[in-house]
1. Put +1 on the Cβ of each Lys and Arg and -1 on the Cβ of each Asp and Glu in the range 4-185; which of GLY88, GLN56, LEU175 then has its Cα farthest toward the positive end of the dipole?
2. Once you have the Kirkwood Rh of the range 189-259 from its Cα pairs, apply Stokes-Einstein at 10 °C and 1.306 mPa s and quote D in µm²/s.
3. In nm², what is the average projected area of the convex hull enclosing the Cα atoms of the range 4-185?
4. Which of the peptides 176-188, 312-324, 44-56, 22-34 is most tightly packed, and how do the rest follow, going by the mean number of other Cβ atoms within 10 Å of each residue?
5. Distance check, please: which entries in LYS101/LYS173; LYS124/LYS180; LYS51/LYS180; LYS40/LYS101 exceed 23 angstrom between their Cα atoms?
6. Which peptide among 116-124, 332-340 comes first, and what is the full order, when sorted by highest mean count of other Cβ atoms within 10 Å?
7. How much net charge surrounds ASN73 when only the other residues with a Cβ under 13 Å from the Cβ of ASN73 are counted, with Lys and Arg +1 and Asp and Glu -1?
8. Which peptide among 245-251, 167-173, 80-86 comes first, and what is the full order, when sorted by highest mean count of other Cβ atoms within 10 Å?
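Read-outs throughout are calculated quantities, based only on the coordinates presented, and are distinct from any laboratory measurement. All of these numbers come straight from a predicted model, not from anything done at the bench. Here the Cβ is made from the backbone with ideal geometry for all residues, glycine too, and neighbour counts use every protein chain on show.
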Amino acid sequence: MPSVLLRVGSRHRDPEIVSSSLVMRQLCASAARVAIGDAKVFISGESGVGKDLIAQYIHARSARAERPFVAVNCAAFPDSLLETELFGHARGSFTGAYRDKPGRLQQANRGTVFLDEVGEMSLKMQAELLRFLENGEIQRVGDTGPRVHLDVRVISATNRDLAERVTSGHFRKDLLYRIKVVHLHIPPLREHREDIRALIERAISRTGQRKRFTRDALAALERYSWPGNVRELQNVVEQATWMTDADEMTLADLPDHIRALPRSGVLPKPERRKQLADDLYTALVGRHYTFWEHIHELFLSRDMTRHDLRQLMVRGLSVTRGNYRSLLKLFGIPETDYKRLMNFLAAHDCVVDFRPFRAEPAGGRQALPAVPRSFPLENVEGA
């Protein structure tokens, strides 16, 4: 979530702004401006920055505010289910279809539909969505009747680089043009750290308790790079609030990986993905993170991308000179988990070719290469 939090029970479920940073104030001003019309909006940003709340913010300030706001996580459904989820199905169209069912698009008629994780759609579903965006008509799965015309505003979002996916052939360029009429980008929390204290206060207030952090604890929270963004911040603050008996929460009440950061912190870098890989590498090598408890969970919850995971592997292999077994020791992974690690990387197309790291030029240590393309698992076994 961004520094925009939902004020439950307010008129039209209008999100409450708790941000003091210029960048977030400008973002919300842009969102309020675009809310006036019906232009399709594309929201980009890392996981946890609050793309869904910006979508609600736009809907709440639009002429459609009294109509439904329907959210669909496109990554949560396989193709066959996503099609019926969006377009609905007719009775008898497949086993288990005992009645007609309207889709989410029909439920959002005269309102707004929010397509989260749109970058995860298959090419087939992208074609179906494009057809709807072009003429506003749908036909339920298995229905032979006339197509139904709908009036739905579409807001989509992703944490993926869609331009990169267009280049790789995984996303349709014409669909990108259709959904990206207005583009809003939500910055990660590390780029507007001045909002951290206000967000901490808001997270504490949500628990209904009257507690506060000490100066050292606040400084540690402000130094941390927050790869999970506001979602991670809220989780850490709420956990400390509920697990601490005293009215004042100290540095000792924070998780090890936040408490152990040096006072200089992690300086922001121009390229976010490289920074995230460096931060996670430092946390693993310093034993503040474990691979299966933290990296694995961050990846599965989409708080880091395949590119981030490959960059982390590159960072480690550059130290072990391409040796995956030595990587286990470097990252604190049990030696018995070698096959588990390699299978996990292979299943998600994140196995990195070890060969560029094996040879070192005569002139000295080689520079860290760009992320190599994924490499067949059989060529890594025994490396």
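1. Going by the Cα projections, it comes out as GLN56.
2. The estimated diffusion coefficient comes to 133 µm²/s.
3. 11.0
4. By packing density, highest mean first, the sequence is 44-56, 312-324, 176-188, 22-34.
5. Exceeds cut-off: LYS101/LYS173; LYS40/LYS101.
6. Sorting 116-124, 332-340 by mean packing, highest first, produces 116-124, 332-340.
7. -2
8. Top to bottom by mean Cβ count within 10 Å: 80-86, 167-173, 245-251.
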